[in-house]
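Okay, structure first, notes after.
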């Protein structure tokens, strides 16, 4: 049995953008276990365009991957992500997070250039920015 589809005018997705501040959106989130055996959420993030600038056409921004690892030494990053999503972050508060609830979150991030394990340049999240936080 053959599977059919309707071909379209494919979109050209950017490989990467220059370092800077961008509007970003979570387009995928999955609960996983880190290599160290810790619970984490793997985020698939689309770069939508520069803050204050013209936004990219839909589905053409580069994809950036990031992990929220649920251990004490990484709580700062989860707090930063939550604040960037507009949540109030209270010290000492115990919070449960469902990966599916993060999909569709629109926020701001500082994108930097890093390297993959194979040495290829790629974009990474340098920081998640709360709306009132200048960078």
Between the modelled labels at residue 13 and residue 1 (7 Å from Cα along Cα→Cβ) the distance in nm is 2.9
How far is helix 75-84 tilted, in degrees, relative to the longest principal axis of the Cα atoms in the chain, given as a value from 0 to 90 rounded to the nearest 10? 60
What span do the alpha-carbon atoms of segment 92-135 cover on each of the three principal axes, reported in whole Å from largest to smallest? 38, 27, 25
A correct Kirkwood calculation over the Cα atoms of the chain returns a hydrodynamic radius in Å of 16.3
Evaluate the relative contact order of the chain (contact order divided by residue number), counting alpha-carbon pairs under 8 angstrom at least 6 apart; express in whole percent. 28
Estimated FRET transfer efficiency (residue 100, residue 57; beta-carbon r; R0 41 Å; 0.05): 0.95
Binned Cα-Cα distances of segment 1-76, short to long, each 10 Å bin given as a whole percent: 16, 34, 28, 18, 4, 0
Give the order of 5, 128 when sorted by the count of other beta carbons within 10 angstrom, beginning with the fewest. 5, 128
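Using only DSSP helix segments of four residues or longer, with each worth -39500 (n - 2.57), what per-residue ellipticity at 222 nm results for the chain after dividing by its residue count and rounding to 500?
That comes out to -2500 deg cm²/dmol.
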Among 30, 42, 98, which one shows the highest mean-square fluctuation when the chain is modelled as a Gaussian network with alpha-carbon springs under 10 Å? 98
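The numbers here are math on the coordinates, done by the rules we state, and not lab data. As the structure is a computational prediction, the values presented were derived from the model and not from experiment. All Cβ positions, even for glycine, are placed from backbone atoms using ideal geometry, and neighbour counts span all protein chains on display.
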